[in-house]
Structure formats: C-alpha cells, structure tokens
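What follows is a short report on a single structure.
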Amino acid sequence: MSFINYSTKEINCKIVYYGPGLCGKTTNLRYIYEKTDEKSKGKMISLATESERTLFFDFMPLKLGEIKGFKVRFHLYTVPGQVFYNASRKLILKGADGIVFVADSQIERMDANLDSFDNLRDNLEEHGYNLDNIPLVLQYNKRDLPDLIPVSELEQALNYRNVQYFEASALTGKGVFPTLKGIAKEVIKKLKG
Amino acid sequence: MNDKKWLYDEEIINKLSEELELLKSESGASATFLIDKDGQLLTCASHNTEYDTTSIAALVAGNVAATDGLAKLLGENEFSILFHEGENEHVHISLIYKMVILVVIFDESTSLGLIRLRVKKFVNRLKDLLENAEKNKRRENNDGLFDDITDDDIEKLFGPSDSETGQG
C-alpha cells in the first residue's frame, strides 16, 4: 500500500524480495546497495543470524527521481527464506506494494521454489492480497551456475500470470537492476489505478 | 484496500505534527515519531537530525509486528506498549488504537514516569483527531493525479548510472 505524503510531497512504496532459502534475496539487496550512489540510499539493515542467514528481514531505503513533483522512494525488504521462519515472513509482507519472487535456478531447488511460491500465495491471502493481481516480477537467479533448470521450465512452473521475468546472477550483479526497474514500473503503474 | 486514506491528508498530518511537538516539549523527550504499521514515517518532532528516521521507522514497525505476533500466540489481544532501556537513551513505543505507532526517544534528563503520563494524555488528545479523520474520510486525494504517468516518466526515475545494467 503505497504511502503518499502530500505535506512532504513524497511517495513511499514497499517492495518485498521473496523466495526460498539461499536463493539470493539478500545478495540482490547488497548489490543494489553497493552500486547505488550515496545520495540515493539510506542505511542497509540486516537482521541476520551469526551465520549470516536472514533472521527477520533486510531493509534498504532507496531514493529515486521525481514523478509529478513527488519524490519517489522505495523501501526494499527481504524475507527470511528458511521454511521455519514463516511467522516472520508473513509480517514483512504486510503493506507490500510489489513482490520480486527470486527463484533459485539450480535443479535440486525446484521443489523449494514451488513451495515458496505457494507459501507466498498463502501469506498474501492472509493479509487480504491476491497473488493474481499484486505487482509481481520473477527473477531466475544463479544463471551462472552449472546444472540449471531451463528457463522454459521455470516459466511453466511459476509464471502463470505471464509477468516480466529476469535471468540473473545476483552475486555478479547481472539482472539485479533490471529486476528492480521491472518491479518499480509495475508498482508505479498501479498508482495510476 | 485503502483503509488509511486519512493519513494522506496534509491537514491531518500537520495536526499530528503539532501534537507531536507538544508531546516532545511537555515530556522532555529527545524525539517523538509517528509511524504507520507498515513502517512508513508519518511525521516526527526532533531537533536531532542525526536520527535515521527511515531506518527507525522500519525497525520499530518490525518490532511492533513481531510483538503483535507474539501476543496472538499467547492469546493476548495486543501488547500495546514496548519499552527498550539503554545506557543513555531509552525508547518508549506504543501502538495507538491499532492504527499508528508512537515512538518516544528520551534520556536521563526526564523520567519514564513522566513519559508515560504525557503519552497517555497525547493518546487521549489523538483519539478525537483520529476518530474525526475516520468519520470525515475524504475522497481519495490522488484522484487523477497520477493517471497520465507515461513509461518515459517512470524511466526517468532511474538515473543514467543504472542504464549500463540494461534490460534483462
């Protein structure tokens, strides 16, 4: 639910990176953080375990340009991917304006992708949202690794809405900004109603 | 879906800001913030520009959401107040009418007792304001304002520095 502040002329939107454990959600945010100009970003906050697994969420505010005289800000969040953190995952989705679903392209992670996607649908429904119409893009991550699921198979399994998808390697940054741009466009389009 | 339209209203935000300033001066706090439950800062009263208000808003909302989840698991309706005690600074967080979150940051120059008292009065003053705002829900403010956004407008949001990443 984007927040439009008429007194400060700001539009704030919340984007959530969702996906199975170790699919690269935090890596996406880290890359964006590293490559963004100091003026355009706030602090990146990671609430992680000692072994650097996301415990609650990562958060990063990002300032973009202006639209109709309103400053546009995106608040990027990741959820903890591990299955047993579902209670926390659900909390982060509250108030989300758009979702980036990050899928792990490795063959052995296909089931995890599907489980996470189903879990996304369930958790959205609990907040009264519908996966069928919330702004969404897909990112097929880790395309630099061997033994990958073909994109066509990922498309068939996940992209029932025929939304934009991006092949990525978040570690090297490939596809990270196009994904962000993709979801930003979808979210702003939704502002138009 | 849009259950908090009233928060968009400039007039209401201004009134909330005035009340926040009053709370800050009456309680001797270092800073007071109002945040929505999704982690967006609504307005703040602070002379200390060192506070990273965006991050504070995100973390406090996460904190309140986690505590709320905990309350439900324990069969409680809500835990409406959170208090974090530090060596020098302390944070008093309260969920007001399940609508907005009030954050008060204070130090040893005042006391928890005074903060609690002033917060209670603040909440009472806010009650009418929030209720009236609910009653008088205006038409959606952004009616038509963003209707003619073009793809070009959206493209321009991203600086030229990102363009080397191209389309995926």
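The values are calculated or read from the model by the stated rules, or taken from the named source; none is laboratory data. Only a predicted model underlies this, so the values are computations on that prediction, with no experimental measurement involved. No Cβ is skipped: glycine too gets one built from the backbone with ideal geometry, and neighbour counts run over all protein chains shown.
A compact table of results
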read-out	value
Selection from the stretch A:65-96 of residues that are within 12 Å of chain B (Cβ to nearest Cβ) and more than 21 Å from B:Asp68 (Cβ to Cβ)	A:Gly65, A:Glu66, A:Ile67, A:Lys68, A:Gly69, A:Phe70, A:Lys71, A:Val72, A:Arg73, A:Phe74, A:Leu76
Single residue of A:Ile92, A:Ile67, A:Ile45 found to be among the β-branched types (Val, Ile, Thr), closer than 30 Å to B:Ile154 by Cβ and without any contact (Cβ under 8 Å) to a residue 24 or more places away in the chain	A:Ile45
Unique residue being more than 17 Å from A:Phe84 (Cα to Cα) and modelled with pLDDT under 95 when the list is A:Glu34, A:Glu52, A:Glu38	A:Glu38
Residues located in the stretch B:39-89, provided they are aromatic (Phe, Trp, Tyr), at pLDDT below 95 and out of contact with any helix residue (DSSP H, G or I) (no Cβ under 6 Å at 6 or more places or on another chain)	B:Tyr51
Matching residues, the stretch A:9-62, being within 9 Å of chain B (Cβ to nearest Cβ), assigned to a strand (DSSP E or B), over 16 Å from the mean Cα position of the chain (by Cα) and under 19 Å from B:Ile56 (Cβ atoms)	A:Leu47
Residues located in the stretch A:63-96, provided they are part of a helix (DSSP H, G or I) and not hydroxyl-bearing (Ser, Thr, Tyr)	A:Val83, A:Phe84, A:Asn86, A:Ala87, A:Arg89, A:Lys90, A:Leu91, A:Ile92, A:Leu93
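For every residue, the table says whether it meets (1) in contact (Cβ under 8 Å) with a residue 60 or more places away in the chain; (2) over 21 Å from A:Glu34 (Cα atoms).
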site: A:Leu138; (1), (2): no, yes
site: A:Val151; (1), (2): no, yes
site: A:Leu154; (1), (2): no, yes
site: A:Asn159; (1), (2): no, yes
site: A:Ala170; (1), (2): yes, no
site: A:Pro178; (1), (2): no, no
